[in-house]
Amino acid sequence: MGSTLAQKVWADHTVLRGEAGGDDLLYVDLHLLHEVNTPAAFDGLRAAGRTVRRPELTVSTEDHNVPTTSPLDGFDDPAGRRQSVQLRDNSDAFGIPMYRRGDEEHGIVHVVGPEQGLVRPGMTAVCCDSHTTTLGAFGAIAFGIGTSQVEHVLATQTLWTRRPKDMAVNVTGALPAGTTAKDLVMALIAAIGTGGGQGHIIEYRGPAVEALSMEGRMTLCNMSVEAGSKAGLVAPDETTFAYLRTRPGMPQGAEWDAEVAYWTSLRTDPDARFDKEVTLDASAIRPYVSWGTNPAQSLPLDGRVPSPADFDTATQRAAAERALAYMDLEPGSRLTDIGIDTVFVGSCTNGRIEDLRAAAEVLRGRRVADGVRMLVVPGSAAVHRQAVDEGLDRVFTGAGADFRPIAGCSMCCGLNEDRLRSGQRAVSTSNRNFEGRQGKGSRTHIASPAVAAASAVAGRITAPTDL
Ligand SMILES: CC(C)[C@H](C(=O)O)[C@@H](O)C(=O)O
Ligand code: SF4
């Protein structure tokens, strides 16, 4: 029997094979760090008198807490400021390269890794962050780890972890015009639930996946963790190689050809077996928006707010009831009748250049509705530069949106000064709509950049085609 892509990459990195059901010791090719969840790992290293085993395979960036208004201090939260200072100090002390606010490589960890050519097909990559799954878009096995595991990887460049099962998500057909990778992944999570991928690495396959750009594949893999999966993967192909070709530090000439030959071999064998398979018809997917407080509580935009009675299990009914109360929504009302006061375009899900282009396209020649605040935060300094080069900054500011000069997580998680006030309601291009995610009492509807921009113009949840 053949092997899946995930099995091949896993086997290539297995240093010690665990007993049945036990953990394998996995070699780590790339270790990314940000300021949250890492101070204690460095404290642990210091206490044990250890060094960082492979600082040259480790890169840090500050993204969660940083203000996005200027490269200068500007923190409103001393705890957030402290974490950034600690990461700078720890990176310096242990010889770890770091991208700081104001640097040209700086940005959200999952955006800068690919941009800077740090992730390549067939690698293993970890980071103290659940959305590390983003990097699976390159055919790498990439997943989030906790603080004690960060310490272990810093010290040894290896990690004890359970070998996941294999899941295939086959996406047939083609996405209709105006429907994006975000809608695809939201439709998937709505179908399989927030636990649908638990214990598995998902390999996304089929023509609709192959047709996606690298940006789209990153959006797809980014939200794999919202389906509970360990990681998401797309097999590398010409689209992957074209993206990587221009990245810093890529090999040239014969060395490049040898890399491409190896990357091309990274495919699931025709006779490989998946533990679980799901098939989705891309041509039936329409733009999605979330109505509840987990990403599976999402529907096509032309739908209506569900009633708890619509759900099959008692658990789902109770979750819907609680979500409706928190979100202050009436069952049966149209999703497109929900008024909003804030729109956030950004995050590691949808803060890349294609996402900003899609939002700008909708805003061109239009204005953000009175009483609506729209925030556009680039995912990286490179995305910011590209947006300015293309004149997108003028489209955003001309429409009345606030376009930020510095990259960061910003209103995705409300760890910097960009938060919703209690009771405020946002359409957000991020990946989580949990209670209080964008500030205490905040209400979040996740959607694609185009839907977010259209909603900003209309002042309520709106599809671009309805403007
Ligand atoms: C702060 C960090 C650990 C967290 C994560 O792991 O994902 C954050 O990035 C998030 O999106 O909730
Ligand atoms: S942008 Fe949001 S989801 Fe991504 S790493 Fe930052 S907080 Fe997490």
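The values are calculated or read from the model by the stated rules, or taken from the named source; none is laboratory data. Please read all numbers here as calculations on a predicted model, not as lab measurements. Here Cβ is always computed from backbone atoms with ideal geometry, including for glycine, and neighbour counts include all displayed protein chains.
Only one residue in Ala208, Ala242 is assigned to a helix (DSSP H, G or I), more than 16 Å from ligand 1 (Cβ to nearest atom) and touching a strand residue (DSSP E or B) at 6+ places or on another chain (Cβ under 6 Å), so which one is that?
Values: Ala242 fails: touching a strand residue (DSSP E or B) at 6+ places or on another chain (Cβ under 6 Å).
Exactly one of Ala208, Ala242 is assigned to a helix (DSSP H, G or I), more than 16 Å from ligand 1 (Cβ to nearest atom) and touching a strand residue (DSSP E or B) at 6+ places or on another chain (Cβ under 6 Å), namely Ala208.
Can you tell me which residue is farthest from ligand 1 (Cβ to nearest atom) among those in region 45-72 that are within 12 Å of Gly95 (Cβ to Cβ) and of a type outside the set (Val, Ile, Thr)?
Glu56
Return the only residue of Val383, Val377, Val427 being more than 23 Å from Gly74 (Cβ to Cβ) and either in contact (Cβ under 8 Å) with a residue 24 or more places away in the chain or within 16 Å of ligand 1 (Cβ to nearest atom) (or both).
The conditions single out Val427.
Given the structure, is Ala319 among the small types (Gly, Ala, Ser), assigned by TED's automatic domain parsing to the domain that holds Arg432, surrounded by fewer than 21 Cβ atoms within 10 Å (Cβ to Cβ) and closer than 24 Å to Leu184 by Cα?
The answer is yes for Ala319.
Yes or no, residue by residue, for (1) in a helix (DSSP H, G or I); (2) on the phi < 0 side of the Ramachandran plot; (3) away from ligand 2 (no atom under 14 Å from the Cβ):
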residue: Val36; (1), (2), (3): no, yes, no
residue: Asp43; (1), (2), (3): yes, yes, yes
residue: Thr51; (1), (2), (3): no, yes, yes
residue: Thr69; (1), (2), (3): no, yes, yes
residue: Gln83; (1), (2), (3): yes, yes, no
residue: Val111; (1), (2), (3): yes, yes, no
residue: Pro114; (1), (2), (3): yes, yes, no
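Every residue in region 148-196 that is surrounded by fewer than 17 Cβ atoms within 10 Å (Cβ to Cβ), in contact with a Ser or Thr (Cβ under 9 Å, 6 or more places away or on another chain) and assigned to a loop (DSSP other than H, G, I, E, B), please.
Gly173, Ala174, Pro176, Gly178
Of the numbered conditions (1) in contact with a helix residue (DSSP H, G or I) (Cβ under 9 Å, 6 or more places away or on another chain); (2) within 16 Å of ligand 2 (Cβ to nearest atom), Gln386 fails exactly one; give the number of that condition.
All conditions pass for Gln386, except number (2).
Can you find a residue that is within 22 Å of Glu35 (Cα to Cα) and either part of a loop (DSSP other than H, G, I, E, B) or of a type in the set (D, E, K, R) (or both) anywhere in region 442-458?
no
Can you pull out every residue in region 427-458 that is crowded, with 23+ Cβ neighbours inside 10 Å and more than 16 Å from ligand 2 (Cβ to nearest atom)?
Arg443, Ala450, Val451, Ala453, Ala454, Ser455, Ala456
For region 13-30, state whether one or more residues are over 30 Å from Met411 (Cα atoms), assigned to a helix (DSSP H, G or I), more than 16 Å from ligand 2 (Cβ to nearest atom) and not aromatic (Phe, Trp, Tyr). Give the steps one after another, and end with the answer.
Pass one, region 13-30, residues over 30 Å from Met411 (Cα atoms): 13-29.
When the remaining residues are screened for being assigned to a helix (DSSP H, G or I), the result is 13.
Right, trim to more than 16 Å from ligand 2 (Cβ to nearest atom) and you get 13.
Still in the list and also not aromatic (Phe, Trp, Tyr): 13.
Yes, region 13-30 contains a residue that is over 30 Å from Met411 (Cα atoms), assigned to a helix (DSSP H, G or I), more than 16 Å from ligand 2 (Cβ to nearest atom) and not aromatic (Phe, Trp, Tyr).
Looking at Gly22, Gly44, which one is outside the structural domain of Gly379 (by TED's automatic domain parsing) and under 30 Å from Asp77 (Cα atoms)?
It is Gly44.
Mind counting the residues in region 417-426 that are crowded, with 24+ Cβ neighbours inside 10 Å and either more than 13 Å from ligand 2 (Cβ to nearest atom) or of a type in the set (Val, Ile, Thr) (or both)?
So the answer is 2.
Run Gly414 past the list (1) within 16 Å of ligand 2 (Cβ to nearest atom); (2) in contact (Cβ under 8 Å) with a residue 40 or more places away in the chain and report the number of the one that doesn't hold.
(2)
In region 409-424, what count of residues is obtained for those that are on the phi > 0 side of the Ramachandran plot, in a loop (DSSP other than H, G, I, E, B) and within 12 Å of ligand 1 (Cβ to nearest atom)?
1
Is it the case that Pro405 is within 18 Å of the chain's Cα centre (by Cα) and either within 16 Å of ligand 1 (Cβ to nearest atom) or part of a loop (DSSP other than H, G, I, E, B) (or both)?
On the way: within 18 Å of the chain's Cα centre (by Cα): no; either within 16 Å of ligand 1 (Cβ to nearest atom) or part of a loop (DSSP other than H, G, I, E, B) (or both): yes.
When the stated conditions are applied, Pro405 does not pass them.
For region 324-342, indicate whether the set of residues that are within 30 Å of Gly408 (Cβ to Cβ), small (Gly, Ala, Ser) and surrounded by 16 or more Cβ atoms within 10 Å (Cβ to Cβ) is non-empty.
No: region 324-342 contains no residue that is within 30 Å of Gly408 (Cβ to Cβ), small (Gly, Ala, Ser) and surrounded by 16 or more Cβ atoms within 10 Å (Cβ to Cβ).
Could you check region 16-26 and list, in sequence order, the residues that are more than 18 Å from Leu233 (Cα to Cα) and surrounded by 13 or more Cβ atoms within 10 Å (Cβ to Cβ)?
Matches in region 16-26: Gly18, Asp23, Asp24, Leu25.
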